[in-house]
């Protein structure tokens, strides 16, 4: 009972977020799938494929049976390997694949909340402030624009890696450096996009800390045992990462990297942080801020009024203390200073001012040329919104009295309303609609022997071609068939005609390029 009383602020904030935010995306009876029928269902396919592979039902993870006969098709997109076991738990209990995807989403959301709460509690020792801050990280309205990209959902390694890195800065023990890097490697296995963005933050934090404590590190580097352990920690993590990255490096040799000009518009601008998702409770007047941007929907990253005000106030206060208060380094927690400068640098690196951005330098690093949706940096930056809110609340509000406990409940309610999006405006599709489409297609394929090669070529299409490609992928997956149909983050060479118009002409063009006899394929209408 005492334990519950101690942690009830977390329980309240988590339940508010799950009911009013996640509940509006998935439906309280799980009637919706997150995202659209393309990216959302593609990630469901990838999770199901990973589960089938780990269950021993498939011989290869990288060679998934779509886009036939393209090899190692998983390397054309994210792979979600790090969280396949979470999805697999539900599948082991016989939960259908689409419902398991929904439960996976809920579980990931809970883990995101808990991990951020752990970081904030370490920093501020205040359960009330930490619970409200963690709400921002897990349920911010800024994440509505990310719902269509389920590979960005697993973010719980981000706060934990920051936490362990801060502990390393305090104790300088190599084991903490090793764990911080291991958490980063795990984030890479969860989603390469966010993993690459996180490593920029880690490097910035280490540079900031090194500059502030160069004398200490100069002495430590002279210690051969300490240095060898640091190097070993780095090498071991690189070796753990290699099985994931080697297939992607091979894919990169085949092309498919972007040039800076093609991704520049996906960098956020200062206005992006004031561009709200459509259908919010308070903030619809900000929904037109960046409406003229290319792919404007990915720029809808306004994090709500409370969190946005908190980070503006915190940045302003930190700059004031730095430049107007003498001996500020002696009165401000060094962790706070490291996080402030790291946050400021990260925001600037991934921000565009006109045609100029510091990201042009980062773009030259290995792996970054493959990323084109850079607005996803908000998934990392939200940890700083959370820190800002928790910092201000822990410093200026004391929740020790009954009156302040009531104030906490009021703040939790306001924070929920601040990030609330009406269900009809949430980014989702009816689950039964997807289920019916896949089941109807399975009826046309059910008599085919396992691993027959099929091509689904509907006579007419009433929605995006990718909807039909995903129908074919999911139906073929469940019936253990190869399919030419497919969708990924990047189209293989000469596949694009079939991608947008699956018909006889585009199929023959693809098969000829791959030297596959056309009579080996069963066409489904």
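The values are calculated or read from the model by the stated rules, or taken from the named source; none is laboratory data. The structure displayed is predicted, hence computed values, not measured ones. No Cβ is skipped: glycine too gets one built from the backbone with ideal geometry, and neighbour counts run over all protein chains shown.
Structure notes:
- Test: residue in segment 251-274 that is crowded, with 16+ Cβ neighbours inside 10 Å, free of Cβ contacts under 8 Å to residues at least 60 places away in the same chain and farther than 29 Å from residue 143 by Cβ: no
- Matching entry among 121, 151 (being farther than 19 Å from residue 393 by Cβ and part of a helix (DSSP H, G or I)): 151
- Among the residues making up segment 479-496, a single one is surrounded by 16 or more Cβ atoms within 10 Å (Cβ to Cβ) and part of a helix (DSSP H, G or I): 479.
- The lone exception for residue 155 - which of (1) farther than 20 Å from residue 30 by Cα; (2) in contact with a helix residue (DSSP H, G or I) (Cβ under 7 Å, 6 or more places away or on another chain); (3) modelled with pLDDT under 95 it fails: (3)
- Counting the residues of segment 66-76 that are surrounded by 21 or more Cβ atoms within 10 Å (Cβ to Cβ) and either at positive phi or in a loop (DSSP other than H, G, I, E, B) (or both) gives 3.
- Only a single criterion out of (1) at pLDDT 95 or above; (2) part of a helix (DSSP H, G or I) is not satisfied by residue 330, namely (1).
- Applying the condition of being touching a helix residue (DSSP H, G or I) at 6+ places or on another chain (Cβ under 6 Å) and outside any helix (DSSP H, G or I) to segment 46-62 and asking which residue is surrounded by the fewest Cβ atoms within 10 Å (Cβ to Cβ) yields 62.
- For residue 128: the one exception among (1) modelled with pLDDT of 95 or more; (2) assigned to a helix (DSSP H, G or I): (1)
- Against the test of being more than 30 Å from residue 143 (Cα to Cα) and part of a helix (DSSP H, G or I), the options 470, 448, 511 yield a single qualifying residue, 511.
- Qualifying helices (runs of 4 or more DSSP H) (wholly inside segment 192-294; at least 3 residues being in the same structural domain as residue 152 (by TED's automatic domain parsing) and farther than 27 Å from residue 344 by Cβ): 224-252
- Qualifying residue in segment 87-107 (condition: in a loop (DSSP other than H, G, I, E, B), touching a residue at least 40 places away in the same chain (Cβ under 8 Å), assigned by TED's automatic domain parsing to the domain that holds residue 273 and over 14 Å from the mean Cα position of the chain (by Cα)): no
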